[in-house]
1. Kindly indicate the residue of the range 38-54 that is among the small types (Gly, Ala, Ser) and surrounded by fewer than 19 Cβ atoms within 10 Å (Cβ to Cβ) and also nearest to Asn66 (Cα to Cα) among those meeting that condition.
2. Assuming Ile23 fulfils every condition listed in (1) closer than 24 Å to Glu156 by Cα; (2) touching a Phe, Trp or Tyr at 6+ places or on another chain (Cβ under 6 Å); (3) in a strand (DSSP E or B) apart from one, which condition is it?
3. Which pairs turn up if I take residues in the range 54-79 that are farther than 30 Å from Thr155 by Cα and touching a residue at least 12 places away in the same chain (Cβ under 8 Å) and look for partners that are surrounded by fewer than 18 Cβ atoms within 10 Å (Cβ to Cβ) and acidic (Asp, Glu) with beta carbon separation below 7 Å, at least 6 apart in sequence or on another chain?
4. Which residues, counting only those in the range 119-164, are assigned to a loop (DSSP other than H, G, I, E, B), over 22 Å from Ser178 (Cα atoms) and either of a type in the set (A, V, I, L, M) or under 19 Å from the mean Cα position of the chain (by Cα) (or both)?
5. Pairs only if they're at least six apart or on different chains, beta carbon under 8 angstrom, first in the range 139-154 and under 25 Å from Ala57 (Cα atoms), second surrounded by 22 or more Cβ atoms within 10 Å (Cβ to Cβ) and hydroxyl-bearing (Ser, Thr, Tyr); list them, first residue then second.
6. So which residues in the range 209-225 are within 14 Å of the chain's Cα centre (by Cα) and not polar (S, T, N, Q), if there are any at all?
7. Quick one: what pairs do we get from the range 24-36, first residue farther than 14 Å from Gln61 by Cα, second crowded, with 16+ Cβ neighbours inside 10 Å and charged (D, E, K, R), C-beta under 6 Å, 6+ apart or different chains?
8. Tally up the residues in the range 63-89 that are within 15 Å of Cys171 (Cβ to Cβ), of a type in the set (A, V, I, L, M, F, W, C) and in contact with a helix residue (DSSP H, G or I) (Cβ under 6 Å, 6 or more places away or on another chain), please.
Amino acid sequence: MKRVGIIFAMEEELNELKKYLKIEKEYKIFELTFYEGIINNVECILVESGVGKVNAARTTQILIDNIKVDYIFNIGVAGGVDESLKVGDIVLGEKLVQHDFDITAFNHEKGYIPKVGVYIEPDIYLLTLADSVFKNIDSVNYKRGIIASGDIFCTELKMSKKINTKFKALCVEMEGASIAQVCYLSHIPFLIIRSISDVPNNDNVVTYEEFLKSSCEIIALAMSKLLIKLGEDDIV
């Protein structure tokens with residue numbers, strides 16, 4: 001049976017996926033609460049990391065060191081920075097980048113991390129599996145592309161356009177690329193999936209609050225079907 005770690009930044013995101021699992025165990029490690037449940041022969045360990053790159057990276061390493069998972073997923077909401085995206089759309093992260101990582105003073109391009117590079121790519125099996133599942137869900141509109149992470153809730157249209165232009169990013173959030181970096185360095189297969197809750201427009205906090213729940217519901221549904229398919233693959 002595969003063991004899958006699923007990291008959420010916020011309780012609202014975690015609670016929606018919990019509805020699809022029967023939680024069998026709950027425990028704490030370093031003040032983080034872990035929930036264990038099974039869906040279609042996949043053992044799932046859910047945890048809320050808290051918002052931001054440090055919280056996300058810390059939680060990822062705790063998950064890897066203490067629970068020995070086979071795969072790690074990070075799912076949740078994000079702000080769309082590409083004009084083709086609408087609220088409720090899903091983005092599968094083909095590449096992850098930290099848009100606020102800046103050592104350009106040392107002649108490196110924006111986003112470059114020593115011994116890592118600018119972009120981190122997810123596990124191709126997980127990406128391909130998610131692609132095959134999502135295209136068969138009538139209620140889900142999705143794209144594959146670049147997800148940008150940074151320790152800022154992006155509200156300015158100017159900033160969102162800059163991130164989109166510089167990194168060709170589809171959406172922006174605060175955790176995914178740091179989780180990707182820890183998984184990359186620890187040799188753990190991973191995938192980052194985001195549902196669009198808002199589009200930066202100088203007033204997107206209102207949009208975010210209005211559509212947070214519905215965006216969480218959409219990505220929880222998609223993730224539950226992905227986990228079911230993952231279990232079927234494991235049986236075969």
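1. Filtering the range 38-54 down to residues among the small types (Gly, Ala, Ser) leaves 49-50, 52.
Filter once more, keeping what is surrounded by fewer than 19 Cβ atoms within 10 Å (Cβ to Cβ): 50, 52.
Working: Gly50: 18, Gly52: 21 Å.
Only one residue tops the list, namely Gly50.
2. (1)
3. none
4. Filtering the range 119-164 down to residues assigned to a loop (DSSP other than H, G, I, E, B) leaves 119, 121-123, 135-141, 150-156.
If we keep only those that are over 22 Å from Ser178 (Cα atoms) as well, we get 135-141, 156.
The answer is Lys135, Ile137, Val140, Asn141.
5. Ser149/Ser178; Cys154/Ser160
6. Residues of the range 209-225 within 14 Å of the chain's Cα centre (by Cα): 215-216, 218-220, 222-223.
Cys216, Ile218, Ile219, Ala220, Ala222, Met223, listed by residue number.
7. Listed by first residue and then by second, the contacts come to Glu24/Glu36; Lys25/Glu36.
8. Within the range 63-89, the first condition is being within 15 Å of Cys171 (Cβ to Cβ), and the residues that meet it are 74-89.
This time we only want the ones that are of a type in the set (A, V, I, L, M, F, W, C), so: 75, 77-78, 81, 85, 87.
Next, from what is left, pick out any that are in contact with a helix residue (DSSP H, G or I) (Cβ under 6 Å, 6 or more places away or on another chain): 75, 77, 81, 87.
Adding up the residues that qualify gives 4.
A short reminder: the numbers here are calculations on the coordinates, not readings from a lab. None of these values were measured; they are calculated from a predicted model. Cβ sites come from the backbone with ideal geometry, for glycine too, and all protein chains shown count toward neighbours.
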